[in-house]
1. Given springs between every Cα pair under 10 Å in a Gaussian network model of the chain, which of Ser259, Ser361, Ser26 has the largest fluctuation?
2. About the Cα centre, and with charges only on the beta carbon of Lys, Arg (+1) and Asp, Glu (-1), how big is the dipole of the chain? Nearest 20 debye, please.
3. Taking 45 Å as R0, compute the FRET efficiency from the Cβ-Cβ separation of Asp197 and His4 and round it to 0.05.
4. So which residue, out of His123, His18, His192, gets the largest mean-square fluctuation from a GNM of the chain using Cα contacts under 10 Å as springs?
5. Pick from Arg73, Arg204, Arg137 the residue whose mean-square fluctuation is largest in a GNM of the chain, springs joining Cα atoms under 10 Å.
6. What is the calculated FRET efficiency for Asp214 to Val258, with r their C-beta to C-beta distance and R₀ = 25 Å, to the nearest 0.05?
7. In whole angstrom, note down how far apart the Cα centers of segment 115-174 and segment 267-304 are.
8. Under 5 Å between amide hydrogens, which residues at least 5 positions from Thr14 or on another chain qualify, with H placed 1.01 Å from N in the peptide plane?
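The values are calculated or read from the model by the stated rules, or taken from the named source; none is laboratory data. Only a predicted model underlies this, so the values are computations on that prediction, with no experimental measurement involved. A quick note on method: Cβ atoms are made from the backbone with ideal geometry, for glycine too, and the neighbour counts reach across all protein chains shown. Quick note on the areas: whole protein, heavy atoms, side chains included, nothing else; ligands and nucleic acids left out. Shrake-Rupley method; radii C 1.70, N 1.55, O 1.52, S 1.80 Å.
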Amino acid sequence: MTTHSNIQGIFKLTAPMHVADSIQYSLDDKGYVVRKTNGMANVIATMRQNILTDGMRVKIPYFPANDLRGRLRRKAAALVMEALAAKGDKVPVELYAGLCAGASGAKPENSVTIEEIKRASKHVYMGLFGGGTRMLRSRFIVSDAVPIMNATVKAGLVPALFGPYENRALPLSNGSEAVESGDGYKLTEVRHIVRVDDVTRVMRSDELRAYVQDAENAVAQWQANVLQNRSDRKNQGEQKTTGEETASIKKSDLANVVSVQSIIAGTELYVRFDLQDTTTQAQRGLLLCALRDLINEQALGGWIRNGFGKFTAEHFTANLEDKAFAPFALDDKTGELKLTDAAGPMLEAMKCELAALTVPSLMEFFTGKQPKEKVKKAKEAA
């Protein structure tokens, strides 16, 4: 790769952002997120990583590169399929899966040829994202989106004096060069989301009588079932503490409290995409369009239904073709981002090459070429 061709900028969160961690965590009595501990309340943690700064280990929240790359791939895949649909073509489900996920099956081949590598390198989609049955190489790198703070600058994850911090102090530093090991937690919060069981609590009795069949008996039975389930689960927990083996009883009660950790609104995440200098204009145009569509979607991470994942794109610069330019501008009519005139040649090159794509030519990259295993002869009957 190269440091000469890149796109970089800031995702400034205008709402909390959550990316679920696969490891189980709990909340201690001080409200800190710790590894899963019996007797403590569960919490769905957001992704965090450790970095080393001035000999101190600092834990920071972040948006993972793999997730960001996957979202860009799907936006680019949508542009490819829109171009095919404009000609009246529909894609096989295998091609749809391959364009969106990078491969159409779990059995890659290692028989790639020089001809295919050369053909893919100039391809508007495959040359940029790679993948396919023979796992062609991508021609750009996505980095983790990390918060701009004293620790990440010192660790080299964020360029010094980047964007707005050329003329003001970094957040969480309080004007000091010292790095506190606990700074990272200040960028996260835990909120508790409550779900209420309207029937058990008889929230609106008039409504229940008006709409529920045999309301009095039905509600009474519902409440009895809920109370019995709570009692059974409590007894199960007591039996486990004494070492008794017992059948698992699942929670049937609708009432619930979910604790979710998220990165707080206002956090600025540094994002960067490094491209090979040999990427074509069309490939660069596709990446810029995919990034534009991702920003306009306003849905990073999980809990989108609760308003999470919104952000603004600020201080973006594209260093491409030996020049630096702002790739995005606000469209006054739609309120969304559009590509600037400086990116116009790349956009036109992308449109031209997308229009020339065909389903068969794309399927070649996702079709196996190795001979299938010979079917074993059936055993002779005894």
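1. Evaluated over the chain, the most mobile residue of the options is Ser361.
2. Dipole about the Cα centre, nearest 20: 1040 debye.
3. Computed FRET efficiency for Asp197 and His4 comes out at 0.15.
4. His192
5. Looking only at Arg73, Arg204, Arg137, the largest GNM fluctuation is found for Arg204.
6. 0.15
7. First find each Cα centre; the distance between them is then 10 Å.
8. Under 5 Å from the amide H of Thr14: Gly266, Lys310, Phe311, Thr312.
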